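The values are calculated or read from the model by the stated rules, or taken from the named source; none is laboratory data. Predicted, not measured: the structure shown is a model, and the values here were computed from it. Counting neighbours? That spans all protein chains shown, and the Cβs are built from the backbone with ideal geometry, glycine included.
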Amino acid sequence: MGLVANTREVGRVLAEASKALSVLRTFKMPRSEDCVSLGALFEDAVAAHPGNIMLLFEERQWTYTEFNVAVNRFAHLLQERGISRGDCVALFMENRVEFVMSMLALVKLGASAALINSSLTGAGLVHCIRATQAKACIVGEERASIMAEVLQDLDLQKEYDYLWMADSGLDSTPGSAPDWAQDVGAALTAMPSNNLPVTRDITAGETALYIFTSGTTGMPKAAVVLHKKIYAASLGMGRIGFQLKSTDRLYLCLPIYHITGMCPGLCAFICSGGSIYLRRNFSVSTFWHEVQKYQTNCFVYVGELCRYLVNVPPGAQEKNNPLDKMLGNGLRPDVWDAFKHRFGVTRICEIYGSSEGNAAFLNLLNKEKTIGASITKVALVKYDIETDSILRDSEGHCIEVAKGEAGLLLAQINDRAEFEGYTNPEATRSKIIENVQVAADRWFNTGDLIRRIDVGFALGMKHYQFVDRTGDTFRWRAENVSTNEVGEVLNLHPQISMANVYGVEVPGVEGRAGMVAFELEEGAELDLAAFLSLVEHELPSYAQPIFIRILKSAETTVTFKLLKGDLREQAFHLAKVGGDTLYVRKPRSNRYEMLDVEFYQHLVAGTSGY
């Protein structure tokens, strides 16, 4: 029986490898000077699949030809307003059709789109627009009031540099443009609809997008995404991972200002002539109904969404569903099994990568519970989490870990795996590690702990598994949270001088929940209302702390660095905090309250509802 099963696995792996090779035979990574761009790839798809449905959104749909007309009209309007090749324009709106139209119009012009996280407010929003030196900003009606609060902090010209997109969604009635922005919709119908000649001149080495990523320190960093990186992620990762056909249809509810939703999701499908059902955000209650209604057989995910779906009691809508293939990252092993067997998904292509990174992993052989293999040369090296440092041998080289042991993932920087970095040169330099294996070699520090695992017959490919983030950054709600950034905001509270921010594990929940610990003056009580007002106004929802710990005394190193190791381990456990006061913000609550025994028991039992 074992021999039969093993023979079947060998046959399956060979079949998967054959499919991947058929794609690779036609895939050639463009040189920086080659005239290859996202705009040109989209136009090729329009020519090849003019009548295919490209986009479905809130009871409306567009064919490739229809959507290309809309994109071209907006591109001509932008061109008329002075936006040209090499310029950058910030894009600030929710997932909706106008976001896609705006992004494609910009890249067709040879301009770059700075994709701003739609949950940002205040100083974070200002920083992201400034970091890319955006010449203009396209604002969705649904985010206009947030933008209005920071106009005085930006150098853009009111009434001209702000373009306003009405929100004509199912749940809204379009309003009027504010006095500081111009309404795009009114001018579009008069614009030409032909393709722009400049699109075919744009090269693979030019910047297409800026995608923001939270690092371990400071504000979000703008990662430079070249056209050739989109080409690789869309045509390479998308076609190999999804095994895409033009008849495939994607369920897309991830934010498209993120790399996963944008490149192997949106771009992969529009470059292949496939169809996309686009949703503003994820809804567990409507997911299977919409999968059935729109007959989506592909799903781009983060592990958190899958966990929500498996935690819902079985329902009629999930039976005989068309979902067959999925691609994404962060799928926990226990959720992997439940999702595959309960919902009948035959292909789960877990991936690993980042907006700025030079290495990507792909589970192209459809193995269980692995991020797959990488064609980039990588090394897993020993790393001390407590001191946030790489361990080196007597010759100053990094020490590689044994198979099965978690190590810090480094990716070699060379001509085939370039590191474009960020708009901030100092941030770029901070991610480069030298003298890893030999003198003067250069490697990209991913900041992630990875282990090599055994997956059985795999044609000699080394397979890996994601373990955790290093340093101070943690993930919550599928977002990276910078503890320094959150701490800087919390220190604005008049009662807080040194906020120690860290992530803690909550049983049954993906990622780590934010927790902050700090001292108060003797006899003082925390003004919880002021604290709540501060975090809601200055921090996106995913970065707002779930737990607060009032310390009797805060431990620091001799250089006054805050210690986090013991705090992470003690977390919110009532028996471990030594009498410190703990507050919690319960799911869907609009206040912080004392953590009591009853809710603590729900936390440790994995029934907290987060």
From Ala190, Ala114, Ala186, Ala134, grab the single residue that is surrounded by 16 or more Cβ atoms within 10 Å (Cβ to Cβ), among the hydrophobic types (A, V, I, L, M, F, W, C) and over 27 Å from Phe474 (Cα atoms). Ala134
Would you mind telling me which numbered condition in (1) buried (at least 19 other Cβ atoms within 10 Å of the Cβ); (2) on the phi > 0 side of the Ramachandran plot Glu159 fails? (1)
Residue list for segment 264-289, filter: buried (at least 17 other Cβ atoms within 10 Å of the Cβ) and either closer than 14 Å to Asn95 by Cβ or of a type in the set (S, T, N, Q) (or both): Gly265, Leu266, Ser272, Ser275, Ile276, Tyr277, Leu278, Arg279, Arg280, Phe282
Residue by residue through segment 398-430, note down the ones that are in contact (Cβ under 8 Å) with a residue 60 or more places away in the chain, under 14 Å from Val224 (Cα atoms) and of a type outside the set (Val, Ile, Thr). Glu418, Phe419, Glu420, Gly421, Tyr422, Asn424, Ala427
Filter segment 107-131 down to residues that are of a type in the set (A, V, I, L, M) and within 18 Å of Pro255 (Cβ to Cβ), then give me how many there are. 7
Answer yes if at least one residue in segment 256-274 is touching a Pro at 6+ places or on another chain (Cβ under 8 Å), touching a residue at least 24 places away in the same chain (Cβ under 8 Å) and either part of a helix (DSSP H, G or I) or among the basic types (Lys, Arg) (or both), and no otherwise. yes
In segment 115-157, what count of residues is obtained for those that are among the basic types (Lys, Arg) and either in contact with a Lys or Arg (Cβ under 7 Å, 6 or more places away or on another chain) or not in a helix (DSSP H, G or I) (or both)? 1
Only one of (1) closer than 30 Å to His227 by Cα; (2) touching a Lys or Arg at 6+ places or on another chain (Cβ under 6 Å) does not apply to Val455, and that is (1)
Segment 356-392: number of residues that are small (Gly, Ala, Ser) and in contact with a Cys (Cβ under 9 Å, 6 or more places away or on another chain): 2
For segment 143-156, what are the residues that are surrounded by fewer than 20 Cβ atoms within 10 Å (Cβ to Cβ) and charged (D, E, K, R)? Glu149, Asp153, Asp155
Of the residues that make up segment 225-232, is at least one of a type in the set (A, V, I, L, M, F, W, C), in contact (Cβ under 8 Å) with a residue 24 or more places away in the chain, under 21 Å from Glu16 (Cβ atoms) and surrounded by fewer than 24 Cβ atoms within 10 Å (Cβ to Cβ)? yes
Against the definition (closer than 29 Å to Thr203 by Cα, assigned by TED's automatic domain parsing to the domain that holds Leu252 and more than 28 Å from the chain's Cα centre (by Cα)), how does Glu43 come out, yes or no? no
Expected output for segment 517-535 (first residue in contact (Cβ under 8 Å) with a residue 12 or more places away in the chain, partner aromatic (Phe, Trp, Tyr), Cβ below 8 Å, 6+ apart or cross-chain) is Ala517/Tyr502; Leu526/Tyr583; Leu528/Tyr583; Leu528/Tyr592; Phe531/Tyr592; Leu532/Tyr592
Taking the conditions exactly as written (crowded, with 24+ Cβ neighbours inside 10 Å and either in a strand (DSSP E or B) or outside the structural domain of Glu488 (by TED's automatic domain parsing) (or both)), does Leu106 satisfy them or not? yes
Scanning segment 219-273 residue by residue, those closer than 19 Å to Asn68 by Cα, of a type in the set (Ser, Thr, Tyr) and in contact with a strand residue (DSSP E or B) (Cβ under 6 Å, 6 or more places away or on another chain) turn out to be none
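Show me the strands (runs of 3 or more DSSP E) found entirely inside segment 44-96 where at least 2 residues are crowded, with 22+ Cβ neighbours inside 10 Å and out of contact with any Asp or Glu (no Cβ under 7 Å at 6 or more places or on another chain). I'd like the intermediate steps shown before the answer.
Working: elements: 53-57, 60-63, 88-92.
In segment 44-96, the matching strands (runs of 3 or more DSSP E) lie at 53-57, 88-92.
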Of the criteria (1) buried (at least 17 other Cβ atoms within 10 Å of the Cβ); (2) farther than 28 Å from Gly511 by Cα, which one Tyr422 fails: (2)
Quick check on Phe599: is it at pLDDT 90 or above, under 28 Å from Asn311 (Cα atoms), in contact with a strand residue (DSSP E or B) (Cβ under 6 Å, 6 or more places away or on another chain) and aromatic (Phe, Trp, Tyr)? no
Within segment 25-32, is even one residue under 23 Å from the mean Cα position of the chain (by Cα) and either assigned to a strand (DSSP E or B) or at pLDDT below 95 (or both)? no
Can you pull out every residue in segment 203-223 that is at pLDDT 95 or above, surrounded by fewer than 23 Cβ atoms within 10 Å (Cβ to Cβ) and either among the polar types (S, T, N, Q) or out of contact with any helix residue (DSSP H, G or I) (no Cβ under 7 Å at 6 or more places or on another chain) (or both)? Thr203, Thr207
